[in-house]
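Heads up: the structure comes next, in structure tokens.
The values are calculated or read from the model by the stated rules, or taken from the named source; none is laboratory data. Only a predicted model underlies this, so the values are computations on that prediction, with no experimental measurement involved. Here the Cβ positions follow ideal geometry from the backbone for every residue, glycine too, while neighbour counts run over all protein chains shown.
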Amino acid sequence: MMFRAFTLTPAAMRILGIDPGFDRLGIAVVEGDPSRPTLVMSQCFLPTKGIPADRLAQVSKTITGVVSEYAPDVLAIETLFFGVNKKTALGVAEARGAVLAAAGLAGLPVVECTPQQVKVAVAGHGAADKKDIAIMLPKLLSLPEKRRLDDEFDAIAIGITALASRSYNP
């Protein structure tokens, strides 16, 4: 997959962070300077159970709506991590495809972040776990109080990771 290279000035940075999933999709919009990021919005989207094509269409439509409403400069998405459960990995790959298709249709540049890059950018070390990320996020930006699933925290962290990288050359 090829993505075009681009550079953004700090003043223009608005990142749509996506933690892709088939059952749950973490979505966050962050902006500003990497040393003081601002959370614009975040949510965990849960597509309706049922026919896979319908679920993926919901994912794509949701991303299209967020892009339209928040006008991000970049879409940042976590790379696919193959764990033990290949069925889950395939669902995540399909959700990534729906997200990337929506970004492509919108002409939105895409940057991919590895789980390792996210851990280092947010927690300062590659051995961080989901709890470490959740603890660090309120220290990096103001998080309105609400219950969040891991997917939403991950999307925020992915957005911060992309924001911290001033120039993208995926």
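Brief remarks on what is shown
- Test: residue in segment 95-103 that is over 14 Å from the mean Cα position of the chain (by Cα) and closer than 15 Å to Asp23 by Cα: no
- Restricting segment 26-51 to residues that are hydroxyl-bearing (Ser, Thr, Tyr) and in a loop (DSSP other than H, G, I, E, B), the residue that is modelled with the highest pLDDT: Thr48
- Considering the conditions (1) over 21 Å from Thr38 (Cβ atoms); (2) surrounded by fewer than 20 Cβ atoms within 10 Å (Cβ to Cβ), Ala71 is excluded by exactly one of them, (1).
- Tabulated pairs, segment 19-34, first within 20 Å of Gln116 (Cα to Cα), second hydroxyl-bearing (Ser, Thr, Tyr) and outside any strand (DSSP E or B), C-beta under 8 angstrom, 6+ apart or interchain: Leu25/Thr62; Ile27/Thr62
- Of all residues in segment 117-149, those that are assigned to a helix (DSSP H, G or I), without any contact (Cβ under 8 Å) to a residue 40 or more places away in the chain and in contact with an Asp or Glu (Cβ under 9 Å, 6 or more places away or on another chain) total 6.
- Only listed residue being surrounded by 21 or more Cβ atoms within 10 Å (Cβ to Cβ), outside any loop (DSSP other than H, G, I, E, B) and either touching a Cys at 6+ places or on another chain (Cβ under 9 Å) or modelled with pLDDT under 90 (or both), chosen from Ala103, Ala95, Ala162, Ala89: Ala162
- Test: residue in segment 123-145 that is hydroxyl-bearing (Ser, Thr, Tyr), under 17 Å from Asp33 (Cα atoms) and more than 15 Å from the chain's Cα centre (by Cα): yes
- Residue in segment 26-85 that is nearest to Gly104 (Cα to Cα), counting only those that are touching a Ser or Thr at 6+ places or on another chain (Cβ under 9 Å) and of a type in the set (D, E, K, R): Glu78
- Matching residues in segment 14-41 - criterion: being of a type in the set (D, E, K, R) and closer than 25 Å to Ala57 by Cα: Arg14, Asp19, Asp23, Arg24
- Condition met for Thr38 (touching a residue at least 24 places away in the same chain (Cβ under 8 Å), loosely packed, with under 14 Cβ neighbours inside 10 Å, farther than 14 Å from Ala155 by Cβ and among the polar types (S, T, N, Q)): yes
- Of all the criteria given as (1) in contact (Cβ under 8 Å) with a residue 60 or more places away in the chain; (2) buried (at least 21 other Cβ atoms within 10 Å of the Cβ), the one not satisfied by Ile63 is (1).
- Reported count of residues in segment 142-158, each being surrounded by 10 or more Cβ atoms within 10 Å (Cβ to Cβ) and of a type in the set (Lys, Arg), is 1.
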